[in-house]
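**Q** Below: one structure in structure tokens.
The values are calculated or read from the model by the stated rules, or taken from the named source; none is laboratory data. In this text, all values refer to a predicted model and were calculated from it rather than measured experimentally. All Cβ positions, even for glycine, are placed from backbone atoms using ideal geometry, and neighbour counts span all protein chains on display. To get the accessible areas, we keep the full protein, side chains included, count just its heavy atoms, and leave off ligands, DNA and RNA. Shrake-Rupley method; radii C 1.70, N 1.55, O 1.52, S 1.80 Å.
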Amino acid sequence: MCTTQHTERSHLSQDDRAVIETLRREGATLRDIAEYIHKHYSTVSRELTRNSDALGIYTARHAQKKSVTRRLVGKHGTRKIECDPELERTIEKKLRGTHPCGDWSPATIAHTVGCVCHQTIYSWIKRSRPDLRRILPRRGKYRRQYGTRKTPQHKGWMTNIRSIDARPPEIQQRTTLGHFEGDTIVLERGVRSIVTLVDRKSRFLIADVIGAATGMSYALHESLVTRLLCLPKHLRCTITPDRGSEFSYWDMTEQEVPGLKFYFAHARAPWERGTNEHTNGLLRRYFPKGDKHATITQAQVAEVVWMINHRPRKSLNWETPCQVFGVCCSSG
């Protein structure tokens with residue numbers, strides 16, 4: 001099995017399926033695809049067999065839809081409440097009681113009925129009867145006990161990332177070019193974003209509009225590879241992004257861009273990428289939050305990027321980012 005930083009036995013995500021669709025269209029073998037997404041080749045084989053359409057054509061959107069549907073109905077025959085109409089009626093009756101706001105809590109019902117636990121009742125309501133949430137205690141909202149911490153969410157792709165603490169000192173001191181900070185600006189949540197890279201020394205900005213048609217993570221990966229390979233090797237040394245899941249294919253990007261290394265900032269520490277956050281604020285002047293950005297094109301973003309890169313900066317002794325970075329930047 002391929003050595004991977006991803007969580008073992010994890011399900012294929014929509015981004016993984018987008019990679020499978022793209023590489024399959026390009027004629028890649030099952031083993032090549034498996035190595036790219038860090039899965040066993042038999043997983044890819046089963047995915048293509050189970051989730052292709054009637055004509056044998058595999059698309060990420062169709063495969064994701066079939067997978068979600070299969071998981072929703074897969075355990076229906078073994079679920080206690082759905083398979084026992086009498087138990088279902090009993091639980092609903094005790095939940096409703098005689099008051100419009102409900103009566104018994106799931107914990108009380110579970111203690112009385114005895115054959116299910118309270119969490120099973122909550123799961124049943126969430127899955128099959130969301131209309132009953134309004135009569136739950138606190139409308140089904142979970143209240144963390146005072147003094148306890150939130151349960152951390154472990155992301156498999158973060159297992160082997162490099163921390164910003166391991167970044168060489170010259171990057172922190174801004175003495176050399178080619179060290180970028182990265183982030184994304186959301187245009188339409190889950191649909192379109194702008195990926196931004198800002199050089200720490202020169203403040204030179206690179207920005208691309210990416211869409212979720214092939215998965216946001218894979219679209220970002222393709223954008224980074226395309227943009228960075230256009231630069232000389234000494235001007236594409238490192239990227240310091242946040243820990244958003246859109247950068248989950250960072251290792252693939254490193255493989256396809258020779259000499260590039262990723263160093264991830266700490267969670268909830270935007271000041272560690274202050275240059276990037278400031279530059280995103282400059283872009284937000286032209287693409288403000290709350291506005292509808294469904295029709296924004298790459299050409300419009302490139303025009304704004306050109307303006308920013310040709311604007312004299314006090315921090316650069318009134319030179320422009322293009323002059324300091326030393327690259328012809330006729331477009332964004």
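**Q** Go over the candidates 137, 130 one by one and state the one that is open to solvent by 50 Å² or more (accessible area, probe 1.4 Å) and in contact (Cβ under 8 Å) with a residue 12 or more places away in the chain.
**A** Testing whether each residue is open to solvent by 50 Å² or more (accessible area, probe 1.4 Å) and in contact (Cβ under 8 Å) with a residue 12 or more places away in the chain leaves just 137.
**Q** Out of the residues in segment 1-58 meeting the condition of being at pLDDT 90 or above and among the basic types (Lys, Arg), tell me which one is most open to solvent (accessible area, probe 1.4 Å).
**A** 25
**Q** For segment 305-322, which positions are in contact (Cβ under 8 Å) with a residue 60 or more places away in the chain and surrounded by 18 or more Cβ atoms within 10 Å (Cβ to Cβ)?
**A** 305, 308, 309, 321, 322
**Q** Given (1) in contact (Cβ under 8 Å) with a residue 12 or more places away in the chain; (2) surrounded by fewer than 11 Cβ atoms within 10 Å (Cβ to Cβ); (3) not β-branched (Val, Ile, Thr), where does residue 67 come up short, assuming only one miss?
**A** Failed condition: (2).
**Q** Conditions first: (1) over 23 Å from residue 247 (Cβ atoms); (2) touching a Gly at 6+ places or on another chain (Cβ under 9 Å); (3) not β-branched (Val, Ile, Thr). Residue 15 passes all but one, so which condition is the exception?
**A** (1)
**Q** How about segment 159-268: which strands (runs of 3 or more DSSP E) wholly inside it have at least 3 residues that are at pLDDT 95 or above, open to solvent by 40 Å² or more (accessible area, probe 1.4 Å) and in contact with a helix residue (DSSP H, G or I) (Cβ under 6 Å, 6 or more places away or on another chain)?
**A** It comes to none.
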